[in-house]
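For reference, the structure discussed in these notes is given below.
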Amino acid sequence: MPATPTAASIEPDPSMPTPDFHFFAGPVLREDDAMGMHYVPVPESIAAALLAAGHRRVEGTLEEHSFNRALHGSADDARLRFGKGFLKECGLAWGATAHLDVRSVADPNAVTLPEELVAALAEDDEAAARFATFTPGKQRSLAHHVTSAKRTETRERRAHELAQKIRTHTLHGDPPLER
């Protein structure tokens, strides 16, 4: 079992400064709460610079794999959370040292939709109209549900199922329609 890394062991990499990106390395840790999420602590100076943009949405790379997510915590305890599947794709696990470069996104409300979901919404005007009323976070969550499928057929099926559920107000958490 590897030695327990600590947040104090993270170091910014001053040899690679750019105006937009912040480079650093830090340990992959796991939160002690019931969810046990994996995260990489962000150095306080970098977290403060990222939070100065006025929002928490950041993008960057972890071991050359792109990500776009929210910065959690405050400047003195900031962290980027990653799922075990994404960490595995990056060749990382608990205790490993992760290499990241991050920057604040220009538009925190921008959502990139997969082509399968765009096509499904283009075929269903009512679903598209309702989808447009969702928060960026909910749109991102639904887009992730589609893109997390490996096969094209599965992504297309999920996109069409979502469009139907959006139109009929049967998404998880939707209040029942009054008739």
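The values are calculated or read from the model by the stated rules, or taken from the named source; none is laboratory data. Treat the numbers as computed from the prediction; the structure is a model and nothing was measured. Methodologically, a virtual Cβ is constructed for each residue, glycine included, from the backbone with ideal geometry; neighbour enumeration extends over all protein chains shown.
Check segment 112-121 and report whether any residue there is of a type in the set (Ser, Thr, Tyr), over 16 Å from Phe21 (Cα atoms) and at pLDDT 90 or above. Break it down into steps so the answer makes sense when it comes.
In the first step, residues of segment 112-121 are kept if they are of a type in the set (Ser, Thr, Tyr); the result is 112.
Right, trim to over 16 Å from Phe21 (Cα atoms) and you get 112.
Now narrow it down to the ones that are at pLDDT 90 or above: none.
No, because not a single residue in segment 112-121 is of a type in the set (Ser, Thr, Tyr), over 16 Å from Phe21 (Cα atoms) and at pLDDT 90 or above.
Somewhere in segment 102-121, is a residue in contact (Cβ under 8 Å) with a residue 60 or more places away in the chain and either surrounded by fewer than 15 Cβ atoms within 10 Å (Cβ to Cβ) or closer than 30 Å to Asp32 by Cβ (or both)? Before the answer, list the steps.
Filtering segment 102-121 for residues in contact (Cβ under 8 Å) with a residue 60 or more places away in the chain gives 102-103.
Right, trim to either surrounded by fewer than 15 Cβ atoms within 10 Å (Cβ to Cβ) or closer than 30 Å to Asp32 by Cβ (or both) and you get 102-103.
The answer is yes; a qualifying residue exists.
Can you tell me which residue among Phe82, Phe67 is surrounded by 17 or more Cβ atoms within 10 Å (Cβ to Cβ) and closer than 18 Å to Ser141 by Cβ?
On the way: Phe67 fails: surrounded by 17 or more Cβ atoms within 10 Å (Cβ to Cβ).
Answer to the check: Phe82.
Residues are listed down the side, and each one gets a yes or a no for (1) out of contact with any Ser or Thr (no Cβ under 8 Å at 6 or more places or on another chain); (2) in a loop (DSSP other than H, G, I, E, B); (3) at pLDDT 90 or above:
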| site | (1), (2), (3) |
| --- | --- |
| Phe24 | yes, no, yes |
| Gly36 | yes, yes, no |
| Ser45 | yes, no, yes |
| Gly54 | yes, yes, no |
| Val58 | no, no, yes |
| Thr61 | yes, no, yes |
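Looking at Ala98, Ala132 in this structure, which one is within 21 Å of the chain's Cα centre (by Cα) and farther than 24 Å from Val42 by Cα?
Values: Ala98 fails: farther than 24 Å from Val42 by Cα.
None of the others qualify; the one that does is Ala132.
Tally up the residues in segment 63-89 that are part of a strand (DSSP E or B), of a type in the set (A, V, I, L, M, F, W, C) and without any contact (Cβ under 8 Å) to a residue 40 or more places away in the chain, please. Quick ask: steps written out before the conclusion?
At the first step, the residues of segment 63-89 found to be part of a strand (DSSP E or B) are 65-70, 72, 79-82.
Next, from what is left, pick out any that are of a type in the set (A, V, I, L, M, F, W, C): 67, 70, 80, 82.
Of the ones still in play, those that are also without any contact (Cβ under 8 Å) to a residue 40 or more places away in the chain are 67, 70.
The number of residues fulfilling the criteria is 2.
State which residue is farthest from the chain's Cα centre (by Cα) when the search covers only segment 85-95 and only residues that are over 30 Å from Glu161 (Cβ atoms) and surrounded by fewer than 17 Cβ atoms within 10 Å (Cβ to Cβ). Let's see the steps before the verdict.
Residues of segment 85-95 that are over 30 Å from Glu161 (Cβ atoms), as a first pass: 91-95.
Narrowing the set further to residues that are surrounded by fewer than 17 Cβ atoms within 10 Å (Cβ to Cβ) leaves 91, 93-95.
Values: Gly91: 18, Ala93: 18, Trp94: 19, Gly95: 21 Å.
Checking each candidate, the answer is Gly95.
Select from segment 149-168 the residues that are of a type outside the set (Val, Ile, Thr) and touching a residue at least 12 places away in the same chain (Cβ under 8 Å) and list them in ascending order.
At the first step, the residues of segment 149-168 found to be of a type outside the set (Val, Ile, Thr) are 149-151, 153, 155-165, 167.
Correct list: Arg155, Glu156, Arg158, Ala159, His160, Leu162, Ala163, Gln164, Arg167.
Tell me yes or no: at least one residue of segment 90-97 is touching a residue at least 40 places away in the same chain (Cβ under 8 Å), under 30 Å from Glu31 (Cβ atoms) and among the polar types (S, T, N, Q). Please lay out each step first, then the result.
Taking segment 90-97 as the starting set, the residues that turn out to be touching a residue at least 40 places away in the same chain (Cβ under 8 Å) are 92-97.
Filter once more, so that each one left must be under 30 Å from Glu31 (Cβ atoms): 92-97.
Those still in the list that are among the polar types (S, T, N, Q) too: 97.
Yes; the residues of segment 90-97 include at least one that is touching a residue at least 40 places away in the same chain (Cβ under 8 Å), under 30 Å from Glu31 (Cβ atoms) and among the polar types (S, T, N, Q).
If Arg158 satisfies all but one of (1) surrounded by 16 or more Cβ atoms within 10 Å (Cβ to Cβ); (2) modelled with pLDDT under 95; (3) not β-branched (Val, Ile, Thr), what's the number of the condition it fails?
Here Arg158 meets the rest and fails (2).
(1) closer than 22 Å to Arg140 by Cβ; (2) in a helix (DSSP H, G or I); (3) not acidic (Asp, Glu): which one isn't true of Val40, the others all being true?
Failed condition: (2).
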